[in-house]
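Report on the following structure.
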Amino acid sequence: MKPAAFDYLRPSSRREACELLHEAGDDARLIAGGQSLMAVLNMRLAQPKRLIDIAGIEDLHYIERRDDHLAVGAGVTQAELLEHPGLAEAVPLLAQAMPWIGHWQTRNRGTVCGSIAHADPSAELPLCLAALGGQVVLENRRGKSRRVMAEDFFQGVLTTDRRQDELITEVRFPLARPGAEYRFREVAMRHGDFAIVALAAVIDSDRLTLGVGGVADRPVAREFVRHADPSEALNALAWSLGAEDDAHATAAYRRQLIRELGLELIAGGPSNEENAHARQG
Amino acid sequence: MHARADQRIRVTLTLNGRERSGYAEPRTQLCDFLRHELGATGTHVGCEHGVCGACTVRVDGRASRSCLMLAVQAEGRRLDTVESLAGEEGLSDLQQAFRRHHALQCGFCTAGILMSCEEFLDCVADPSEAQVRDMLSGHLCRCTGYTGMVLAVLEVARTRCEAAVPDSQQENNDV
């Protein structure tokens, strides 16, 4: 289908974008790469009166390695981050998980921050941000910025802590800690489809953080003390997420995937073969 | 730039090396602009929500869905479509390989697939079969089962690599 009619606004600064958001109230949507939003508009699941395109804002286009995190500006595409030299060393979880985002052709335009803003509960980037304990940086029309932890930012299906006149300017992924291991697994009907279950793990010698996507209404990260047999903890985690039956999988299958994939992930077997496919920096 | 919903905006872009312009409403998808306004009907439109890949074109070199992009977003950009592939000598090496390996049947999806394959071969000179299949996973073809496409892409990668080797050896000899 074709999208319903909307006004199209292309601000040239962050401040202007926030002003436009404020003026438009609930009638506006932000667009960057548009790889989720355009599909929603074409199917008329959303019919905003105004579309605010932030692609023309120059100073959002950066990837910066800082003291303890990798900062990714709102203009950066998923392909650009995946090709960023040293990504596998700086944030290894992203290097493993990002080839699972959509397809080559959608990663070329889809942005990193756009995926975070969209907050699909089965999306890979929100899961990584939650598992790593990253932050989202938002700016309002007065030029004031605030940082929100991932666990507070994601509030439900396609629902976040972003206020109406705020723009996500960057997301911050914590850098790899020495000695920690990072692993990712996903099960989907086909590679590139939405995850039925995706797991991201940060494994230290005495504890581990396990992030789960595709099950609850948002990505969930839990920290555990490491035991010789993690089966019980995984089972408790699987039951705690309120899995539901849907067209893609039953709740029982999702719980089983958390248990099985979780064991595999913690044991550290061979990673998903597909992870080696995408071009990387 | 502020455009009203009913306003027709002039969009200028470089299509297959030539500067072209036309008019689009804010909501006009890039694929419709290419076909209806510029008459470049080589690009096909399938699902209109980014799943099938039939409408894939190259935007500043990058393979992208033209149904997930607005015409107004293409202002000033370089666009390459399937019309760019064949030269005066006839079909390109990739197109010939598709033909040889029966990588198409009805051909509806082919225009988009060729554009993805071209960008892929620019980025990955010597791909594995798994890499080719991963790239093709962004496209739906209901006729072929993809095997012919995989063979065609691998063959073109090989011949392009072989063609590139003598040149570099020559350079080494000169040094």
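The values are calculated or read from the model by the stated rules, or taken from the named source; none is laboratory data. On a predicted model such as this, the values are computed, not experimentally measured, just so you know. Here Cβ is always computed from backbone atoms with ideal geometry, including for glycine, and neighbour counts include all displayed protein chains.
Data overview
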{"quantity": "Subset of segment A:21-37 [assigned to a helix (DSSP H, G or I), surrounded by fewer than 24 Cβ atoms within 10 Å (Cβ to Cβ) and away from chain B (no Cβ under 12 Å)]", "calculated": "A:HIS22, A:GLY25, A:ASP26"}
{"quantity": "Which listed residue is assigned to a strand (DSSP E or B), of a type in the set (Gly, Ala, Ser) and surrounded by 24 or more Cβ atoms within 10 Å (Cβ to Cβ), from A:ALA198, A:ALA221", "calculated": "A:ALA198"}
{"quantity": "Condition check for B:ARG18: at pLDDT 95 or above and closer than 23 Å to A:GLN35 by Cα", "calculated": "no"}
{"quantity": "Count of segment B:1-35 residues which are charged (D, E, K, R), crowded, with 19+ Cβ neighbours inside 10 Å and more than 8 Å from every other protein chain (Cβ to nearest Cβ)", "calculated": "1"}
{"quantity": "In segment A:134-146, the residues that are closer than 21 Å to A:LEU21 by Cα and surrounded by 14 or more Cβ atoms within 10 Å (Cβ to Cβ)", "calculated": "A:VAL136, A:VAL137, A:LEU138, A:GLU139, A:ASN140, A:ARG141, A:SER145"}
{"quantity": "Top-ranked residue in segment A:1-20 [being of a type outside the set (D, E, K, R) and more than 8 Å from every other protein chain (Cβ to nearest Cβ); ranked as farthest from A:ASP59 (Cα to Cα)]", "calculated": "A:LEU20"}
{"quantity": "All positions within segment B:26-71 that are under 23 Å from A:TRP104 (Cα atoms), outside any loop (DSSP other than H, G, I, E, B) and not small (Gly, Ala, Ser)", "calculated": "B:GLN29, B:LEU30, B:CYS31, B:ASP32, B:LEU34, B:THR56, B:VAL57, B:ARG58, B:VAL59, B:ARG62, B:ARG65, B:LEU70"}
{"quantity": "Test: residue in segment B:84-93 that is of a type outside the set (Ser, Thr, Tyr), over 21 Å from A:TRP104 (Cβ atoms), touching a Phe, Trp or Tyr at 6+ places or on another chain (Cβ under 7 Å) and part of a strand (DSSP E or B)", "calculated": "no"}
{"quantity": "Test: residue in segment B:121-144 that is touching a residue at least 60 places away in the same chain (Cβ under 8 Å), part of a loop (DSSP other than H, G, I, E, B), within 25 Å of B:GLY39 (Cα to Cα) and touching a Leu at 6+ places or on another chain (Cβ under 7 Å)", "calculated": "no"}
{"quantity": "Test: residue in segment A:82-90 that is at pLDDT 95 or above, touching a Gly at 6+ places or on another chain (Cβ under 8 Å) and under 30 Å from A:GLU244 (Cα atoms)", "calculated": "no"}
{"quantity": "A:GLY192, sole failed condition from (1) touching a strand residue (DSSP E or B) at 6+ places or on another chain (Cβ under 9 Å); (2) among the small types (Gly, Ala, Ser); (3) buried (at least 18 other Cβ atoms within 10 Å of the Cβ)", "calculated": "(1)"}
{"quantity": "Members of segment B:68-88 that are within 13 Å of B:LEU34 (Cα to Cα) and among the small types (Gly, Ala, Ser)", "calculated": "B:ALA71, B:ALA74"}
{"quantity": "Qualifying position, being without any contact (Cβ under 8 Å) to a residue 60 or more places away in the chain and within 22 Å of B:GLU118 (Cα to Cα), among B:ALA24, B:ALA40, B:ALA54", "calculated": "B:ALA40"}
{"quantity": "Residue count, segment A:38-59 (criterion: closer than 18 Å to B:CYS47 by Cα and facing chain B (nearest Cβ under 9 Å))", "calculated": "6"}
{"quantity": "Matching option when the condition is assigned to a loop (DSSP other than H, G, I, E, B), within 22 Å of the chain's Cα centre (by Cα) and surrounded by fewer than 23 Cβ atoms within 10 Å (Cβ to Cβ), among A:HIS227, A:HIS248", "calculated": "A:HIS248"}
{"quantity": "Condition met for A:GLY213 (at positive phi and at pLDDT 95 or above)", "calculated": "no"}
{"quantity": "Given (1) more than 11 Å from chain A (Cβ to nearest Cβ); (2) modelled with pLDDT of 95 or more; (3) assigned to a helix (DSSP H, G or I), index of the condition B:ALA163 fails", "calculated": "(2)"}
{"quantity": "Selection from segment B:114-139 of residues that are surrounded by 23 or more Cβ atoms within 10 Å (Cβ to Cβ), closer than 17 Å to B:GLY46 by Cβ and facing chain A (nearest Cβ under 7 Å)", "calculated": "B:SER116, B:GLY138"}
{"quantity": "Scan of segment A:99-133 for residues that are assigned to a helix (DSSP H, G or I) and within 13 Å of chain B (Cβ to nearest Cβ), ordered by number", "calculated": "A:PRO99, A:TRP100, A:TRP104, A:GLN105, A:THR106, A:ARG107, A:GLY114"}
